[in-house]
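Report on one structure; see the data block that follows.
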Amino acid sequence: MTGRTRLSEGVMESQSEPQKQARGAGGTPGGIGIFLLGFALACAGAWLLTNQVVVSSEYFASGFMVPIINYHMNSFGLSLVPFIIGVAFLFFDAKSVAGWLLTIAGLVIILVGILMSLHIYFRPTSLFNTLVMLVLLFGGLGLILRSFKAIPQGVGGPSGQKPSN
């Protein structure tokens, strides 16, 4: 009977112990080093690339020119009308569907007007610098995606050596 007890205790002990298997990026075995290297490369490439981008704006440049007095008028005030009417409807009745639609439409019109007035361009740089930025960014993204795949232990796994026969 003691043999059974020991046997059943051994089985129970092995079942209760959690399996300690290293998990990497994405829950796959291995790949955490590749993920961190890819993340660092992608961050460096993205920073260098966005550092070359210049964003400027004109205050609602989508206006029109009054020819007689040579004055540039913008259309920002007109874009506020649906927003103001929607807010007025909501103050009168907070459950007003028309009020909510006008308010949301007014906010969308304002946001689109701001985005349309932005001028985004890439500062001149050498071809070598541009290639370095793009290789860092997309090479890093490729390494990040590669780290999510399971790396077989025998085929150049974490030790980097092939299995011996």
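Structural remarks
- Residues that are surrounded by fewer than 16 Cβ atoms within 10 Å (Cβ to Cβ) and either in a helix (DSSP H, G or I) or at pLDDT 95 or above (or both) within segment 87-105 comprise V87, A88, F91, F92, V97, A98, W100, L101, I104, A105, listed in sequence order.
- Residue match in segment 44-65 (condition: charged (D, E, K, R), at pLDDT 90 or above and over 30 Å from G31 (Cβ atoms)): no
- On the stretch given as segment 106-148, residues that are farther than 30 Å from L78 by Cα and assigned to a helix (DSSP H, G or I) total 21.
- Test result for G30, modelled with pLDDT under 65 and within 22 Å of the chain's Cα centre (by Cα): no
- Scanning segment 107-149 for residues that are among the charged types (D, E, K, R) and modelled with pLDDT under 90 gives R146, K149.
The values are calculated or read from the model by the stated rules, or taken from the named source; none is laboratory data. Remember, it's a predicted structure, so these values are computed and weren't measured experimentally. Virtual Cβ from ideal backbone geometry, glycine too; neighbours counted across all protein chains shown.
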